[in-house]
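The values are calculated or read from the model by the stated rules, or taken from the named source; none is laboratory data. What you are looking at is a predicted structure, and each value in this text was computed from that prediction instead of being measured. Cβ sites come from the backbone with ideal geometry, for glycine too, and all protein chains shown count toward neighbours. Surface areas here come from the heavy atoms of the whole protein model, side chains and all, with no ligands, DNA or RNA. Shrake-Rupley method; radii C 1.70, N 1.55, O 1.52, S 1.80 Å.
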Amino acid sequence: MPGRIYEATGGRLFAALYDRLTKGSEDAGLADMRARVLAKAHGATLEPGAGTGANLKHYPDAVTELVLTEPSEHMARRLRDKVAASRRAAQVVVAPAEHLPFEDARFDTVAGTLVLCTADDPAAALREAVRVLRPGGQLLFLEHVRADDPGLARWQDRLEGAWGYMATVSPAASIAASVDDLERGRFPKAPPLVRPLVSGRATRA
Ligand SMILES: C[S@@+](CC[C@H](N)C(=O)[O-])C[C@H]1O[C@@H](n2cnc3c(N)ncnc32)[C@H](O)[C@@H]1O
């Protein structure tokens, strides 16, 4: 089930506005960040919470199969349209990241961008991502995180209860044991609270 900010704004509205709301950030560098993270994708690849398909154009040819999941029917509809209009073949499956309808070790790559912040249970979503990865498979991520700056982090913590947007479970902390190229970044043209980002790749043991 979609997270709290998503429910508060209404799934239909969020899906309808998403591309317009993020365009400034995409143009100011977010698209480049996506491209850098996704350049490492290869083989059978799963993207949970794929939204309106902002990542579609960034997948390299090394991706041999692409499966996109979305729990929101409103997003999934837009996702199907975007896949149909793109040159990339992809299967769209309606499912939350916490309960993926795939067998263990099915994928070579799981790629998630800006998705843990809206998942109801980010830790469960990460466990599922690891479950469907084959041993040696990779998790690529670009996610909001708690700020390094203690002042900003305090505000993030205070507002977490009210809006439920900021994932206080840092993907970096959760999978730190196996992360091999972690980078901190800033969400361009975004309010300070949601600016801190982390991206990288973790390999399944
Ligand atoms: C901020 S948007 C990001 C969309 C896309 N990943 C991107 O990078 O543009 C968050 C997405 O996560 C989806 N979502 C919400 N709850 C989810 C869950 N429990 N599991 C998977 N996706 C979820 C929302 O429907 C939305 O499409």
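What are the residues in the range 35-47 that are open to solvent by less than 10 Å² (accessible area, probe 1.4 Å) and part of a loop (DSSP other than H, G, I, E, B), if any?
Ala41
I need the full set of residues from the range 63-109 which are open to solvent by less than 20 Å² (accessible area, probe 1.4 Å) and in a strand (DSSP E or B), in order please.
Across the range 63-109, the qualifying residues are Val63, Leu66, Val67, Leu68, Thr69, Glu70, Phe107, Thr109.
Assuming Val169 fulfils every condition listed in (1) surrounded by 17 or more Cβ atoms within 10 Å (Cβ to Cβ); (2) hydrophobic (A, V, I, L, M, F, W, C); (3) at pLDDT 80 or above apart from one, which condition is it?
(3)
Hey, can you tell me all the residues within the range 110-138 that are out of contact with any strand residue (DSSP E or B) (no Cβ under 8 Å at 6 or more places or on another chain) and assigned to a loop (DSSP other than H, G, I, E, B)?
Selection gives Asp121 alone.
Of all residues in the range 186-205 being part of a strand (DSSP E or B) and touching a Lys or Arg at 6+ places or on another chain (Cβ under 9 Å), which is nearest to Thr45 (Cα to Cα)? Even if it seems obvious, please write down each step before you answer.
Our first condition is that a residue be part of a strand (DSSP E or B); within the range 186-205, this holds for 186, 196-203.
So of that shortlist, the ones also touching a Lys or Arg at 6+ places or on another chain (Cβ under 9 Å) come out as 186, 196-199, 201.
Details: Arg186: 26, Pro196: 26, Leu197: 22, Val198: 21, Ser199: 17, Arg201: 14 Å.
Filtering first and then ranking leaves Arg201.
Exactly one of these conditions fails for Ala50: (1) in contact (Cβ under 8 Å) with a residue 12 or more places away in the chain; (2) more than 10 Å from the ligand (Cβ to nearest atom); (3) under 23 Å from Arg195 (Cα atoms). Give me its number.
Answer for Ala50: the failing condition is (2).
With respect to Pro60, is the statement that it is within 14 Å of the chain's Cα centre (by Cα) and part of a loop (DSSP other than H, G, I, E, B) true? If you could, list the steps in order and put the result at the bottom.
Numbers: within 14 Å of the chain's Cα centre (by Cα): no; part of a loop (DSSP other than H, G, I, E, B): yes.
Here the answer is no, as Pro60 does not meet what is asked.
So how many residues does the range 54-77 have that are small (Gly, Ala, Ser) and more than 8 Å from the ligand (Cβ to nearest atom)? Please lay out each step first, then the result.
Let us first name the residues in the range 54-77 that are small (Gly, Ala, Ser), namely 54, 62, 72, 76.
Adding the requirement that they be more than 8 Å from the ligand (Cβ to nearest atom) leaves 62, 76.
Qualifying residue count for the region: 2.
Residue by residue through the range 10-27, note down the ones that are part of a helix (DSSP H, G or I) and of a type outside the set (D, E, K, R). If you could, list the steps in order and put the result at the bottom.
Residues of the range 10-27 that are part of a helix (DSSP H, G or I), as a first pass: 11-27.
Matches in the range 10-27: Gly11, Leu13, Phe14, Ala15, Ala16, Leu17, Tyr18, Leu21, Thr22, Gly24, Ser25.
Can you name the condition, by its number, that Pro192 falls short on among (1) surrounded by 13 or more Cβ atoms within 10 Å (Cβ to Cβ); (2) at pLDDT below 85?
Every condition holds for Pro192 apart from (2).
Going by what's in this entry, would Asp120 be described as open to solvent by 20 Å² or more (accessible area, probe 1.4 Å), within 15 Å of the chain's Cα centre (by Cα), over 15 Å from Leu140 (Cβ atoms) and not hydroxyl-bearing (Ser, Thr, Tyr)? Quick ask: steps written out before the conclusion?
Numbers: open to solvent by 20 Å² or more (accessible area, probe 1.4 Å): yes; within 15 Å of the chain's Cα centre (by Cα): yes; over 15 Å from Leu140 (Cβ atoms): yes; not hydroxyl-bearing (Ser, Thr, Tyr): yes.
So Asp120 fits the description; yes.
Restricting the first residue to the range 138-162 and requiring it to be closer than 13 Å to Cys117 by Cα and of a type outside the set (Val, Ile, Thr), which pairs with a second residue that is open to solvent by 60 Å² or more (accessible area, probe 1.4 Å) and modelled with pLDDT under 80 meet a Cβ separation below 9 Å and a spacing of at least six or different chains?
Final answer for the pair search is Arg146/Asp157; Arg146/Thr168; Arg146/Ala173; Gln156/Arg146; Gln156/Thr168; Glu160/Thr168.
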